[in-house]
Amino acid sequence: MTDLPDLARYDAVLFDLDGVLTPTAEVHMHAWQTMFDELFAAWGITPAYTEHDYFEYLDGKKRYDGVASLLRSRDVEVPWGDPSDEPSADTVCGIGNRKNEVFARVLRGEGIAPYPGSLALLDALRAQGVPVAVVSSSKNAEEVLRAAGIRDRFDVVMDGVIAERDGLASKPAPDVFVEGARMLGVDPARSAAVEDALSGARSASAGGFALVVGVDRGVGHEALRDAGADVVVDDLAAFVD
């Protein structure tokens, strides 16, 4: 695609992790499906959990915010609880921790490899001296980056651990992308953000980024554009081909 913008022209490029740099979104989707199928069956919640629920309520959000959002869509309210809650606890935090156990088990057992096209783009940006950062809602971001062998490529990793520590609002609020830019020492108005999630595209757009790149891993080009992406590609290799 010859009409794509040159990412090297921007002061920095900030990447979401799951679904953008690594295919961990697939692991997340499987973990959420397994956990909510069991929960809905045990509690008699209808309608059944679907893939649409993942994209609408969970994708790109902090884990506990996603749990609360999805349960609210079924008119179910449970106590928020505390992040230290056991996975068996029937609280937002307990349910979120229950899902995380499934995710961590799969990640440690099978490992993860970065998308080849994303790795090629990181190589190209590094060769041109463009600063890069990770902006992820996941508390597993550090572990995923290490498992994928790319942690040393990023001076800044703005993740769910930092977001919770500092009280930053979850995507689609702009907080995490804006904080990622601040940590990297760049102005969002002169930087680019790369996202595959609707909530993430909305977050970067609301944060005033000069360019929002959508990567369509299944949510759809039109949906990403409607969420604020300026350009949408199927794979980041399009920027280096």
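May I ask you to sort 215, 106 by Cβ crowding, counting other Cβ atoms within 10 Å and putting the fewest first? The partial results should precede the final answer.
On the way: 215 27, 106 18.
With the fewest neighbours first, 215, 106 line up as 106, 215.
Could you tell me how many degrees, from 0 to 90 and to the nearest 10, lie between the Cα long axis of helix 63-73 and the main elongation axis, the longest principal axis, of the Cα atoms of the chain?
For 63-73 against the chain, the angle is about 60 degrees.
Given that compact globular proteins tend to follow 2.2 N^0.38 Å, what is the ratio of the alpha-carbon Rg of the chain to that value? Let's see the in-between values first.
Details: Rg = 17.4 Å, N = 241, 2.2 N^0.38 = 17.7 Å.
So the chain has a normalised radius of gyration of 0.98.
Report the extension gain between residue 73 and residue 50 in nm, rounded to one decimal, defined as 0.36 nm multiplied by the number of residues separating them, less their alpha carbon distance.
Details: separation 23, 0.36 × 23 = 8.28 nm, distance 1.23 nm.
Going from the current span to full extension adds 7.0 nm.
Among residues other than residue 62 whose Cβ falls under 14 Å from its Cβ, what is the net charge (Lys/Arg +1, Asp/Glu -1)? Provide the component values of the computation, followed by the final result.
Numbers: positive: 61, 63, 99, 139, 165, 171; negative: 16, 18, 59, 65, 159, 164, 166, 175, 179.
Summing Lys/Arg as +1 and Asp/Glu as -1 gives -3.
Give the residue list of chymotrypsin sites (Phe, Trp or Tyr not before Pro) in the range 56-92 that are DSSP loop and have at most 15 other beta-carbon atoms within 10 angstrom. Please list the in-between numbers first.
On the way: sites: 57, 64, 80; in loops: 80.
In loop regions of the range 56-92 (DSSP not H, G, I, E or B), the sparsely surrounded chymotrypsin sites (Phe, Trp or Tyr not before Pro) are 80.
Among 235, 82, rank each residue by its count of other Cβ atoms within 10 Å, from fewest to most, as a rough exposure measure. Walk me through the numbers on the way to the answer.
On the way: 235 16, 82 11.
The order, fewest Cβ neighbours first, is 82, 235.
What length, rounded to one decimal in nm, is gained on full extension from residue 86 through to residue 123, with 0.36 nm per residue of separation minus their alpha-carbon distance?
Working: separation 37, 0.36 × 37 = 13.32 nm, distance 4.10 nm.
Length gained, residue 86 through residue 123: 9.2 nm.
What is the spin-label model distance, in nm, from residue 241 to residue 166 if the labels are put 7 Å beyond Cα along the C-beta direction?
The answer from the label model is 3.6 nm.
Only the coordinates and a few stated rules stand behind these numbers; no lab work does. None of these values were measured; they are calculated from a predicted model. Backbone-built Cβ (ideal geometry, glycine too); neighbour counts: all protein chains shown.
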